[in-house]
Amino acid sequence: MDRQFLEFWGRALLQAAQSQKQMEEMMGWWQRNIFSFPDLQKLFKVSYGLDEVSEDTPDYFSLWEKAQENFRQSFREYLSIWGMVPKDDYAALARECEELKAKVAEQEETIQLLRHLLEEKGLGLAATSVEFQKLIEKQGDQFQKFIQGLGEAMQTDTP
């Protein structure tokens, strides 16, 4: 986090402790926008050094935008420290979760349909297991015959 962000919060919390009006503004700020409160806007400008730059200069707007972006990034980090997630991020994750649940339900339905079709054609899990067992037995028998044939061939070759 940048130093100005911490300075901003330090000053904001000190002023909030000194003034109930500012505390009420802070609560309103959480619900709306920081820059709609003149006292907090002034505090923001002081914390980020914008009070030292004339608003008429061409650099002021770019400095203002950069300060806002730094503030927003630091605010997200600050919320993260406390285990909080911004509402927009939560809503996006909730939406993604619902989409994934729908996709999983659709895929489970497809799997069930395919299993049913396999069962109808005699290729279901039970039928496949039986066929696999038959294949193993057949291979075992063929191997036994091969070994017997090999043994007989070895006996006929010896004088």
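Of the residues GLU65, GLU108, which is over 21 Å from TRP9 (Cα atoms), free of Cβ contacts under 8 Å to residues at least 40 places away in the same chain and among the acidic types (Asp, Glu)? Walk me through it before giving the result.
Values: GLU65 fails: over 21 Å from TRP9 (Cα atoms).
When all the criteria are applied, what remains is GLU108.
May I ask you to say which residue of LEU118, LEU93 is in a helix (DSSP H, G or I) and closer than 30 Å to SER74 by Cα?
Values: LEU118 fails: closer than 30 Å to SER74 by Cα.
Going through LEU118, LEU93 in turn, just one is in a helix (DSSP H, G or I) and closer than 30 Å to SER74 by Cα: LEU93.
Looking only at segment 38-59, which residues are part of a loop (DSSP other than H, G, I, E, B) and either in contact (Cβ under 8 Å) with a residue 40 or more places away in the chain or within 19 Å of GLU7 (Cα to Cα) (or both)? Break it down stepwise before answering.
Pass one, segment 38-59, residues part of a loop (DSSP other than H, G, I, E, B): 48-49, 53-57.
Of everything in segment 38-59, those that are part of a loop (DSSP other than H, G, I, E, B) and either in contact (Cβ under 8 Å) with a residue 40 or more places away in the chain or within 19 Å of GLU7 (Cα to Cα) (or both) turn out to be TYR48, GLY49, VAL53.
Any residue at all in segment 16-23 that is at pLDDT below 75, within 26 Å of ILE81 (Cα to Cα), surrounded by 11 or more Cβ atoms within 10 Å (Cβ to Cβ) and among the polar types (S, T, N, Q)?
Taking every residue of segment 16-23 in turn, at least one turns out to be at pLDDT below 75, within 26 Å of ILE81 (Cα to Cα), surrounded by 11 or more Cβ atoms within 10 Å (Cβ to Cβ) and among the polar types (S, T, N, Q).
So if I check each of ALA127, ALA102, which one is among the small types (Gly, Ala, Ser), modelled with pLDDT of 90 or more and either under 30 Å from MET1 (Cβ atoms) or out of contact with any Ser or Thr (no Cβ under 8 Å at 6 or more places or on another chain) (or both)? Lay out the reasoning, then the answer.
Working: ALA127 fails: modelled with pLDDT of 90 or more.
Going through ALA127, ALA102 in turn, the sole match is ALA102.
The values are calculated or read from the model by the stated rules, or taken from the named source; none is laboratory data. Source: prediction; values computed, not measured. Neighbour counts are summed over all protein chains in view; Cβ atoms, including those assigned to glycine, are modelled from backbone coordinates with ideal geometry.
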